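Only one structure is covered here, and it is reproduced in the block below.
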Amino acid sequence: MIVSMDVTNNGGDGGQMSPTHETVCETYGKTPAYYVVDSGFSTIENITAVEELDSRVVAPMTHEDRITNRGGDPHACRTHDTDAMFAFRQRMTTEDSKAILKQRPSIVEYPNAFCHNRSLHQFRVRSLEKVRPATLWYAFTFNFLRKLHLGVL
């Protein structure tokens, strides 16, 4: 199910993790134990903010291969890291976190593929005020058809 959505005119989704997390918490009245995201969604500021709200962020380590190839440790504390960011780096060394992260594509990419296969990859309208309701219709349609498939409706 799609539990939250929004659109921005930002070319990437960096910096959107914390606002989305807050929306999910407010909407459902619960704080997720784990917040599983992709690497582009997570920034140090966002990881810190979400971790301070008692959700454990699970995300790929940014530039892990590059750091390792240079002989560094991507999970080591950096000078600009907060305590929450360092805790995140350490968590991502555990097998449990890696197992949770492996589940992400099968959960998250299905709604993306569903919408993409129904032409939601380029909008025929302009402005956030027009794109937002168009996106909301795709999310509503996905959730409705998903509930039908699961036998909830």
Among the residues of the range 51-73 satisfying the criterion of being hydrophobic (A, V, I, L, M, F, W, C) and not in a loop (DSSP other than H, G, I, E, B), which is farthest from Arg104 (Cα to Cα)?
Ile67
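The rows are residues; the columns are (1) closer than 17 Å to Thr135 by Cβ; (2) at pLDDT 90 or above; (3) touching a strand residue (DSSP E or B) at 6+ places or on another chain (Cβ under 9 Å).
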| site | (1), (2), (3) |
| --- | --- |
| Ile2 | yes, yes, no |
| Asp6 | yes, no, no |
| Gly11 | yes, no, no |
| Gly15 | no, no, no |
| Glu22 | no, yes, no |
| Glu26 | no, yes, no |
| Gly29 | no, yes, no |
| Asp38 | no, no, no |
| Ile47 | no, yes, yes |
Could you please let me know if Val125 is closer than 21 Å to Val7 by Cα, hydrophobic (A, V, I, L, M, F, W, C) and more than 19 Å from the chain's Cα centre (by Cα)?
yes
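Is it the case that Leu136 is of a type in the set (A, V, I, L, M, F, W, C), out of contact with any Asp or Glu (no Cβ under 9 Å at 6 or more places or on another chain), closer than 24 Å to Val37 by Cα and surrounded by 15 or more Cβ atoms within 10 Å (Cβ to Cβ)?
no
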Pairs with Cβ under 7 Å, 6+ apart, first in the range 79-91 and farther than 12 Å from Val58 by Cβ and touching a residue at least 40 places away in the same chain (Cβ under 8 Å), second crowded, with 16+ Cβ neighbours inside 10 Å and of a type in the set (Ser, Thr, Tyr):
Met85/Thr48
What's the total number of residues in the range 44-99 that are over 21 Å from Pro19 (Cα atoms) and among the hydroxyl-bearing types (Ser, Thr, Tyr)?
5
Here are the criteria: (1) assigned to a loop (DSSP other than H, G, I, E, B); (2) under 28 Å from Ser127 (Cβ atoms). Tell me which single one Lys30 does not satisfy.
(2)
How many of the residues in the range 20-49 are of a type in the set (D, E, K, R) and closer than 18 Å to Pro60 by Cβ?
2
Filter the range 78-103 down to residues that are closer than 16 Å to Ser55 by Cβ and hydrophobic (A, V, I, L, M, F, W, C) and give me whichever is surrounded by the most Cβ atoms within 10 Å (Cβ to Cβ).
Phe88
(1) out of contact with any Cys (no Cβ under 9 Å at 6 or more places or on another chain); (2) small (Gly, Ala, Ser); (3) modelled with pLDDT of 85 or more all hold for Ala139 apart from (1)
Looking only at the range 104-124, which residues are outside any helix (DSSP H, G or I) and loosely packed, with under 12 Cβ neighbours inside 10 Å?
Asn117, Arg118, Ser119, His121, Gln122, Arg124
Any residue that is in contact with a Phe, Trp or Tyr (Cβ under 7 Å, 6 or more places away or on another chain), surrounded by 15 or more Cβ atoms within 10 Å (Cβ to Cβ) and closer than 22 Å to Phe142 by Cα - is there at least one of those in the range 21-40?
yes
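The values are calculated or read from the model by the stated rules, or taken from the named source; none is laboratory data. Here the structure is a predicted model, which means the values were calculated and not measured. We place every Cβ from the backbone using ideal geometry, glycine too, and count neighbours over all the protein chains shown.
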